[in-house]
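Step one of this worksheet: look at the structure below.
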Amino acid sequence: MRIRCTRGLAIHTFHGNFFVRSTDLLVLPNVNPDAGFGMQVAIEDSLTDSGTVCFQAAILYTSSRGERRIRIHTYCLPVVKSAMDLINGADQEAVVGLVAKMAVERTTMNSLKEAKDALFNVAVDYIQAYGQILTSSNKVSLMSPYSLRLIPLYILALMKSLAFRFGANVKLDDRVYAMNLMKTMPLKFLMLVIYPNLYAIHNLDDKKVSVDSETEICIPPRHQLSSENIDRHGIYVMDCGEAIYMWIGRSVNDRFLQQLFDVKSFNELPDHSSDLPELDNELSERVRNFLVYLYESRPFGPSFVYFK
């Protein structure tokens, strides 16, 4: 795989699972949808005369049938003169994904403490930079722009993840595995590992969303990861990327339990299980269709477990 960019820019660091054969040529062990790569770009010359800058990735690979193929992706971005335009157009998930990869490198080359300090400094630096821009433009609001307002939340989630968490209760094998995910996982699924999606299953309604031309499913409301959003009368699904967990509150309605788990009361539920029964009722079908939608939205098969 070779990555090129517009003159005036330079790609100086790559992140992912590969071998660097030359300055811009990467040798990959294989090509699959489970891999993600990150690159750091430096501005070496003035771009004031350019309306856009372009990045191009070209990959040469051999298919399973022995066919040699080339695939090329080109991406263009506008050049702006205002720092505020740059901030408003930023992708906070891309920022966090790259910072996570850089923190893994910092951990392996230096120490875990230095990596966590660097993560903390990312959030501080962007807030300070935004404050300086407001000062220079004589504005008084310090509210973060919408494009970057979740950076502190994601950084805090990163610092609490297995890859960067302090404490003897984190096994070395688990930490190394989590770091490997940070380096190689595609951004879409890496964000689920960093900050999972939480769905309230007990609030499933009749509103359906079209997944494709033939399939419609009911998607439950999504909540922020806070104890304030957890009710003992509810059932929640947390999508963590590689694993999907379902938590059952102690005071869930018995009729709901009967329709979903085929039990008469909370006490009849096992402490944990990976087997969700297929029952002949509308609620069971809706929940199972939603879980199938989560399974099929990624190239790998996540594990599933429900517990009380």
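The values are calculated or read from the model by the stated rules, or taken from the named source; none is laboratory data. What you are looking at is a predicted structure, and each value in this text was computed from that prediction instead of being measured. Here Cβ is always computed from backbone atoms with ideal geometry, including for glycine, and neighbour counts include all displayed protein chains. Side chains are part of the model used for accessible areas, which takes the heavy atoms of the whole protein and leaves out ligands, DNA and RNA. Shrake-Rupley method; radii C 1.70, N 1.55, O 1.52, S 1.80 Å.
I'm trying to understand the selection: among the residues of the range 9-19, which are crowded, with 16+ Cβ neighbours inside 10 Å, outside any strand (DSSP E or B) and out of contact with any Phe, Trp or Tyr (no Cβ under 7 Å at 6 or more places or on another chain)? Of everything in the range 9-19, just one residue is crowded, with 16+ Cβ neighbours inside 10 Å, outside any strand (DSSP E or B) and out of contact with any Phe, Trp or Tyr (no Cβ under 7 Å at 6 or more places or on another chain), namely 18.
Could you please find all residues in the range 268-308 being of a type in the set (A, V, I, L, M) and farther than 23 Å from residue 253 by Cα?
292, 294
Of everything in the range 20-70 that is of a type in the set (S, T, N, Q), within 30 Å of residue 104 (Cβ to Cβ) and not in a strand (DSSP E or B), the residue that is most open to solvent (accessible area, probe 1.4 Å) is 23. Taking the conditions (1) free of Cβ contacts under 8 Å to residues at least 60 places away in the same chain; (2) in contact with a helix residue (DSSP H, G or I) (Cβ under 9 Å, 6 or more places away or on another chain); (3) open to solvent by less than 50 Å² (accessible area, probe 1.4 Å) in turn, residue 226 satisfies each one other than (2).
Every listed requirement among (1) surrounded by 12 or more Cβ atoms within 10 Å (Cβ to Cβ); (2) free of Cβ contacts under 8 Å to residues at least 40 places away in the same chain is met by residue 270 save one, (1).
One residue alone among 126, 75 is assigned to a helix (DSSP H, G or I) and of a type in the set (Phe, Trp, Tyr), and that residue is 126.
Here's the yes/no breakdown for (1) closer than 19 Å to residue 188 by Cβ; (2) open to solvent by less than 30 Å² (accessible area, probe 1.4 Å); (3) at pLDDT 90 or above; (4) assigned to a helix (DSSP H, G or I):
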residue	(1), (2), (3), (4)
93	yes, no, yes, yes
99	yes, yes, yes, yes
114	no, no, yes, yes
146	no, no, no, no
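Regarding the range 173-192, can at least one residue be identified that is within 22 Å of the chain's Cα centre (by Cα), among the aromatic types (Phe, Trp, Tyr), open to solvent by 30 Å² or more (accessible area, probe 1.4 Å) and over 24 Å from residue 289 (Cβ atoms)? Yes: the range 173-192 contains one or more residues that are within 22 Å of the chain's Cα centre (by Cα), among the aromatic types (Phe, Trp, Tyr), open to solvent by 30 Å² or more (accessible area, probe 1.4 Å) and over 24 Å from residue 289 (Cβ atoms). For first residues located in the range 26-52 and of a type in the set (Val, Ile, Thr) and at pLDDT 90 or above, partners that are open to solvent by less than 70 Å² (accessible area, probe 1.4 Å) and assigned to a loop (DSSP other than H, G, I, E, B) and lie 6+ apart or on another chain with Cβ distances below 9 Å form the pairs 27/1; 27/18; 43/8; 52/6; 52/79. If you go through the range 214-223 and keep only what is in contact (Cβ under 8 Å) with a residue 40 or more places away in the chain and either under 9 Å from residue 198 (Cα atoms) or in a strand (DSSP E or B) (or both), you end up with just 217.
Of the listed requirements (1) under 18 Å from residue 4 (Cα atoms); (2) among the polar types (S, T, N, Q); (3) in contact with a strand residue (DSSP E or B) (Cβ under 8 Å, 6 or more places away or on another chain), residue 62 misses just one: (1).
Evaluate the range 239-255: report whether one residue or more is charged (D, E, K, R) and in a strand (DSSP E or B).
Within the range 239-255, one or more residues are charged (D, E, K, R) and in a strand (DSSP E or B).
Might you check whether a residue that is at pLDDT 90 or above and either among the polar types (S, T, N, Q) or open to solvent by 90 Å² or more (accessible area, probe 1.4 Å) (or both) occurs anywhere in the range 79-87? Checked the range 79-87: no residue is at pLDDT 90 or above and either among the polar types (S, T, N, Q) or open to solvent by 90 Å² or more (accessible area, probe 1.4 Å) (or both).
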